[in-house]
Amino acid sequence: LDFNDLEHLALKVLSHEKLAEEYRQRFSYVFVDEYQDSNQVQEAIINLVKKDDNLFMVGDVKQSIYRFRLADPTLFMEKYDSFSDDAREMDRRIFLRNNFRSTVNILEAVNFVFRNVMSKSFGEIEYDDDAALYPGKDCGEGITPEKAELLIIDQQDMAEDTEMPEEIEELNQIQLEAFAVAARIKELLKSKIYDEGTGSYRDVTYKDIVILLRTNKNWIEVFTEVLTAEGIPSYADVNSGYLNAVEISMFLNLLKVIDNPRQDIELISVLRSPVFQFSIEEMASIRLNSSEKYFYTALVSYREEGELKQKIAEFLEDLQKWQRMARYLPLEELIWQLMLDTGYLYYVTAMPGGTQRMANIRLLFSRAKNFEASTMHGLFNFLRFMEKIAASQADIGTAKTLGENDNVVRMMSIHKSKGLEFPVVILSGLGKQFNLSDTRDNILLHKDLGLGPRFVDTGLRTYSSTILRNTIREKIKFENLSEEMRILYVATTRAKEKLIITGSVKGIEKAVKKWSKTVAPYNLAQAKCGLDWFGTVLIRHQDGEALREKSDGEWGENDIWPDKSSWHIKIIHKNSIKLDLQKNANKKEQ
């Protein structure tokens with residue numbers, strides 16, 4: 001039975017105990033997989049169809065990451081704590097400790113981190129010997145497991161007087177991390193990895209690598225753009241990013257200008273594009289030459305003689321020609337003619353990731369053709385249609401030129417990676433702050449504690465929080481942070497041969513000062529991002545010297561924890577990314 005059948009069954013048997021008993025007799029055994037993700041409704045259904053001796057459940061509460069779907073890990077923990085290890089007992093728990101996916105060092109690295117951050121008081125489960133991971137496969141004779149890596153990108157410059165190129169100054173947190181990841185991928189391609197199938201080492205390929213992200217929003221688009229610019233083929237199965245693609249947004253701006261040139265932002269975008277190549281100085285000269293409200297009217301009224309006037313005249317002539325064509329040509333023919341007149345196809349193909357960009361343009365042409373075949377027609381209606389898509393934040397996926405089975409670097413969310421495995425895992429975005437917005441609502445709701453509204457004083461026209469609301473807020477925060485910890489556990493256990501963790505901070509000295517505090521549940525609960533947990537633990541690891549060097553405190557032998565795991569910890573400064581970019585630019589020029 002699927003879930004819908006079971007739900008229908010539950011509604012029936014809830015009202016009649018005799019009927020419930022008849023249904024129970026139909027099932028010899030009831031097996032429940034991924035039990036840690038069950039919710040109260042599913043639990044009620046399971047209890048209605050099971051007998052006293054025919055229910056079997058499998059799960060790992062450390063991988064319970066679906067609280068947003070109302071998954072309740074306490075259901076698992078109640079049984080985990082109450083069931084016996086005695087084989088003669090009816091309610092018996094059996095530990096499946098061996099991990100047959102990852103190499104020894106990855107397991108030891110994961111154990112070291114989570115043994116020190118995950119507990120009953122913070123994490124909802126004690127990471128003890130029963131919860132730890134143990135190797136279930138032999139790595140092969142003479143095989144040296146790869147070290148786990150932690151790469152920290154410092155967004156601040158090494159020195160305040162360091163001169164930075166303008167493009168580096170504009171790079172935000174996501175872009176900086178994406179460039180650092182791209183550089184590490186290029187290094188990986190020069191290395192070898194152990195292949196279980198052949199029992200020997202082979203070269204690392206793109207398809208061995210996956211980039212896991214806590215959230216796809218914004219991150220996937222930026223990572224895709226950076227990897228494409230660096231010549232690294234990638235694949236992300238997401239339904240967004242199409243309207244924000246440079247080649248699409250610029251061409252849509254051209255269509256908008258043809259429809260109505262009195263749109264300054266779109267017109268300036270078109271003039272500045274490689275199609276017409278107006279410089280910033282030329283644009284400023286046009287604007288200063290006229291006090292007209294619209295940039296288009298300032299363009300038309302430009303009086304000064306010279307090369308710029310001729311350039312403007314050629315643009316206006318093209319624009320008038322395209323406006324005439326838009327009146328009688330079908331939309332797809334208009335777009336195709338624009339491609340030919342501007343040479344846009346050649347320009348797009350020559351850009352980094354030209355194959356993908358060309359596919360996006362062809363997809364635009366195909367969508368315009370389908371739109372023209374509908375009841376709506378014309379350029380104006382097509383542009384309104386695209387604006388509605390953008391306004392609804394629905395977006396549409398980019399054209400698929402590569403599949404997940406091709407030789408590409410795959411990108412996906414941690415939730416989507418659950419149950420999968422990859423030779424090389426790059427877990428990125430650990431510097432991104434946790435989303436705790438649901439603790440700031442006016443009325444908080446908790447399944448056990450109930451409603452927690454603010455107190456509103458209508459006389460004074462003020463409101464304030466209440467003891468109940470504060471209690472519920474802290475409970476929700478605790479549960480959310482525990483889930484974030486489990487999400488990181490799931491991500492780190494996807495790796496088979498190599499685990500690389502990346503995150504960015506705004507000043508490594510400031511971050512290290514925070515990480516130097518004691519590893520106590522209260523301090524762990526003050527973490528703003530996943531990197532805070534890794535930093536707090538790894539600064540005390542025997543391989544954490546790179547972090548301890550940034551600390552202004554003294555570290556004694558008792559402050560450093562020996563462990564069987566091996567880590568490579570590296571701090572990447574913003575201006576070192578600048579040097580990598582300059583080297584790549586020089587290579588391309590040569």
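The values are calculated or read from the model by the stated rules, or taken from the named source; none is laboratory data. The structure displayed is predicted, hence computed values, not measured ones. All Cβ positions, glycine included, derive from the backbone under ideal geometry; neighbour counts span all protein chains shown. SASA here: full protein model, heavy atoms, side chains in, ligands and nucleic acids out. Shrake-Rupley method; radii C 1.70, N 1.55, O 1.52, S 1.80 Å.
Summed over region 47-75, residues that are open to solvent by less than 40 Å² (accessible area, probe 1.4 Å) and over 34 Å from the mean Cα position of the chain (by Cα) total 3.
When D161, D157, D138 are checked against the criterion of being within 26 Å of D195 (Cβ to Cβ) and modelled with pLDDT under 90, a single residue qualifies: D138.
State yes or no: is A44 open to solvent by less than 80 Å² (accessible area, probe 1.4 Å), closer than 30 Å to L481 by Cα and modelled with pLDDT under 90?
yes
Determine whether D86 is acidic (D, E) and more than 37 Å from the chain's Cα centre (by Cα). Yes; evaluated as a whole, the condition is true for this residue. Which pairs turn up if I take residues in region 464-478 that are free of Cβ contacts under 8 Å to residues at least 24 places away in the same chain and over 24 Å from A71 (Cα atoms) and look for partners that are outside any helix (DSSP H, G or I) and open to solvent by less than 40 Å² (accessible area, probe 1.4 Å) with beta carbon separation below 9 Å, at least 6 apart in sequence or on another chain? Sorted first by the residue in region 464-478, then by its partner, the pairs are S465/G452; T466/G452. Pairs linking a residue in region 545-561 that is part of a loop (DSSP other than H, G, I, E, B) to a residue that is among the small types (G, A, S), with Cβ atoms under 9 Å and 6 or more positions apart or on different chains, are K550/A511; S551/S516; D552/S516; G553/S516; W555/S516; I560/G544. Here S121 fulfils each of the conditions (1) open to solvent by 20 Å² or more (accessible area, probe 1.4 Å); (2) in a loop (DSSP other than H, G, I, E, B); (3) among the hydroxyl-bearing types (S, T, Y); (4) closer than 27 Å to G136 by Cα apart from (4).
In the set G452, G419, G429, only one residue is small (G, A, S), closer than 30 Å to D208 by Cβ and in contact with a strand residue (DSSP E or B) (Cβ under 7 Å, 6 or more places away or on another chain); that residue is G429. Residue selection: E126 fails the criterion of being open to solvent by 10 Å² or more (accessible area, probe 1.4 Å), charged (D, E, K, R) and either outside any loop (DSSP other than H, G, I, E, B) or modelled with pLDDT under 85 (or both). For the residues S504, S464, S516, the requirement of being surrounded by fewer than 15 Cβ atoms within 10 Å (Cβ to Cβ) and modelled with pLDDT of 90 or more singles out S464. Scanning region 316-344 for residues that are outside any helix (DSSP H, G or I) and open to solvent by less than 30 Å² (accessible area, probe 1.4 Å) returns a single hit, G343. For A313, the stated conditions hold: it is without any contact (Cβ under 8 Å) to a residue 12 or more places away in the chain, part of a helix (DSSP H, G or I) and small (G, A, S).
For (1) of a type in the set (A, V, I, L, M); (2) in contact with a helix residue (DSSP H, G or I) (Cβ under 9 Å, 6 or more places away or on another chain), each residue gets a yes or a no:
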{"position": "L55", "(1), (2)": "yes, yes"}
{"position": "S64", "(1), (2)": "no, yes"}
{"position": "L75", "(1), (2)": "yes, yes"}
{"position": "K79", "(1), (2)": "no, yes"}
{"position": "D91", "(1), (2)": "no, yes"}
{"position": "L96", "(1), (2)": "yes, no"}
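Here I248, I268 are screened, and the one residue that is under 38 Å from the mean Cα position of the chain (by Cα) and open to solvent by 50 Å² or more (accessible area, probe 1.4 Å) is I268. Taking (1) closer than 29 Å to N381 by Cα; (2) open to solvent by less than 30 Å² (accessible area, probe 1.4 Å); (3) not charged (D, E, K, R) in turn, P274 satisfies each apart from (2).
Within region 286-296, the set of residues being among the small types (G, A, S) and either open to solvent by 60 Å² or more (accessible area, probe 1.4 Å) or at pLDDT 90 or above (or both) comprises just one member, S291.
The residue list A525, A495 contains one member that is buried (at least 22 other Cβ atoms within 10 Å of the Cβ), touching a Leu at 6+ places or on another chain (Cβ under 9 Å) and not aromatic (F, W, Y), which is A495. Restricting attention to region 512-543, the residues that are assigned to a helix (DSSP H, G or I) and either among the β-branched types (V, I, T) or within 24 Å of the chain's Cα centre (by Cα) (or both) total 11. Please verify whether region 373-382 includes one or more residues that are without any contact (Cβ under 8 Å) to a residue 40 or more places away in the chain, assigned to a helix (DSSP H, G or I) and open to solvent by 60 Å² or more (accessible area, probe 1.4 Å). No, that holds for no residue.
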